[in-house]
Amino acid sequence: MKFTHLTACILFFASNLTFGQSSQMTDPDVLGIKIGMKKADALTIIKDKFQKSNVTVTKKEIGIGAAYLTYETQHKILLNKSKPSISEDNLFLNFLPDDTIISIRRLIRYFPNKQTTFDIGNALQEKHGFPVYFVHDDKTRFADHTMWSDRMLPGLSLVGMDYVQGGNISSGDFGSVTPYPYCWSEMLQYAGEQYDPKSLYSQMTERNSVALSTAKKWKVCGKALWVANGHETRLTYNATQTEIILADLSKAPDLILDMKNMLSNNPKTVYATVPVEQPKRSTNTPDF
């Protein structure tokens, strides 16, 4: 990784954000796949673009009351590598019970010194306009993070990683520092490999005071595209990687709270039955 390219990228983004220009992003996609698209349509797009792709399915059980459903919550798709510089290219699609895509995550790893942050930044800006938020970790020179949004106004162009260390943002930081780190950390709940719709539903229904506060912040985040470029000189193989996450947090509370209806309307949902009467005691039951 040539850090002269990285420095040029930082100055490039910072100079544009200084003038308060907002993102031009309206309806973002990753490989033509958009939030809210159905699973079958997304898989058709992938099959057309990557004929040799391979899909790994993750299933989880959702239980709300007496209703239970085991469904495909995530598809991990190994895309066939289109360029010799790419060592690994994975696409993660996360779904709700009605097969709606709730988040998209793409993780691309490159062979050492084959791809630069500057190249990626230029390509994304051509597609989405100016980013609304940019962070560079100048302490370890490990990563930079860029976020586009259809809702948020431009904030700080460059901040220290102390604000977002660990992805944990306190309630006091929201608004007083910048909303972007919060949106970034919340997006990870939807796009991570440990995506768990049941847990998200529980958060929204069992912790009402926290959920209300979170929902308001999600509404501010809107539809956002987060890109992280990592470059680590200590690694011997994958020295550079790009992670792209797309989520629509403005609709997330409504979608999660509608989980109960998704289960009741799903033909594959089963319902636990309560026995009408207790079975009679067996003659083989021992004394206690």
Given the structure, is Glu186 at pLDDT below 90 and loosely packed, with under 13 Cβ neighbours inside 10 Å? no
Can you work out which of the residues in the range 32-46 that are closer than 15 Å to Leu96 by Cα and assigned to a loop (DSSP other than H, G, I, E, B) is most open to solvent (accessible area, probe 1.4 Å)? Lys34
Of these, Ser209, Ser264, which one is more than 13 Å from Ile102 (Cα to Cα) and either modelled with pLDDT under 85 or open to solvent by less than 20 Å² (accessible area, probe 1.4 Å) (or both)? Ser209
Look through Thr242, Thr273, Thr233 and report the one residue that is at pLDDT below 80, among the hydroxyl-bearing types (Ser, Thr, Tyr) and either within 24 Å of Phe95 (Cα to Cα) or part of a loop (DSSP other than H, G, I, E, B) (or both). Thr233
Here's a check for you: in the range 189-204, which residue that is open to solvent by less than 50 Å² (accessible area, probe 1.4 Å) and at pLDDT below 85 is nearest to Gly63 (Cα to Cα)? Met204
Would you pick out the residues in the range 76-126 that are among the aromatic types (Phe, Trp, Tyr) and at pLDDT 90 or above? Phe92, Phe95
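The values are calculated or read from the model by the stated rules, or taken from the named source; none is laboratory data. Because the structure is a prediction, the values reported are computed rather than measured. Positions of Cβ are backbone-derived with ideal geometry, glycine not excepted, and every protein chain shown enters the neighbour counts. Quick note on the areas: whole protein, heavy atoms, side chains included, nothing else; ligands and nucleic acids left out. Shrake-Rupley method; radii C 1.70, N 1.55, O 1.52, S 1.80 Å.
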